[in-house]
Amino acid sequence: MDKPVLFAPWRMDYIRSLEKPEDGKCFLCLAAQAAAAEQEQRLVLWTTAHSVVLMNRYPYTNGHLLVAPLAHKAELADLTHDEICDLQHQTVRAVELLKRAISPQGFNIGINIGRCAGAGVPGHLHQHIVPRWAGDGNFMTVVGDIRIVPQATEELYRELRRLVPTI
């Protein structure tokens, strides 16, 4: 019996971005360096002296955020004390933002270190914040290895940016 096919043409942009980083830089470095006028294009929610917080362009679920040090560093041991503390502090802020905006019932938070561990950008450490809801592992994910994201990225970006000053 043939399996059904669901097309996801947006994935090709992601696949190509792994092979040819823009201007020879990773997307996290470009987000960290984004001028105010290009932050929306790069999905940057905010930056601090040590970190950048942005939406994942290829999310596992609605509201999937990334927190990364501004510096292009691959290992936890490469981070300074201040970078480590800020990475965690911004993760707490991001969780609070998502709670206010989309009311998740839980979160998966983690770092993939090295390509074999799932790191799509092994040279620039970053933490994933993935909001979760009861039953979000529906039949599409289980049977078809397909994720359903119920909200447009641009719409959620505007909502999150509106709420950033409240956290």
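Evaluated against (1) crowded, with 19+ Cβ neighbours inside 10 Å; (2) farther than 17 Å from N112 by Cα; (3) out of contact with any Pro (no Cβ under 9 Å at 6 or more places or on another chain), P69 falls short on exactly one condition, (2). Output yes when any residue across region 89-110 is modelled with pLDDT under 85, touching a Leu at 6+ places or on another chain (Cβ under 8 Å) and of a type in the set (V, I, T), and no when none is. Scanning region 89-110 turns up no residue that is modelled with pLDDT under 85, touching a Leu at 6+ places or on another chain (Cβ under 8 Å) and of a type in the set (V, I, T). Just so you know, in region 41-67 the residues that are out of contact with any Asp or Glu (no Cβ under 9 Å at 6 or more places or on another chain) and hydroxyl-bearing (S, T, Y) include one that is modelled with the lowest pLDDT, and it is Y60. Being at pLDDT below 95 and aliphatic (A, V, I, L, M): is that true of L70 here? No.
Restricting region 126-153 to residues that are modelled with pLDDT of 80 or more and assigned to a loop (DSSP other than H, G, I, E, B), which is nearest to Q41 (Cα to Cα)?
Going through region 126-153, the residues modelled with pLDDT of 80 or more turn out to be 126-134, 152-153.
Now drop any that are not assigned to a loop (DSSP other than H, G, I, E, B), which leaves 126, 133-134, 152.
Details: H126: 19, W133: 28, A134: 31, A152: 14 Å.
The residue in question is A152.
The values are calculated or read from the model by the stated rules, or taken from the named source; none is laboratory data. From a predicted model like this one, the values you see are computed outputs, not experimental measurements. Glycine gets a Cβ as well: all are built from the backbone with ideal geometry, and neighbour counts include every protein chain shown.
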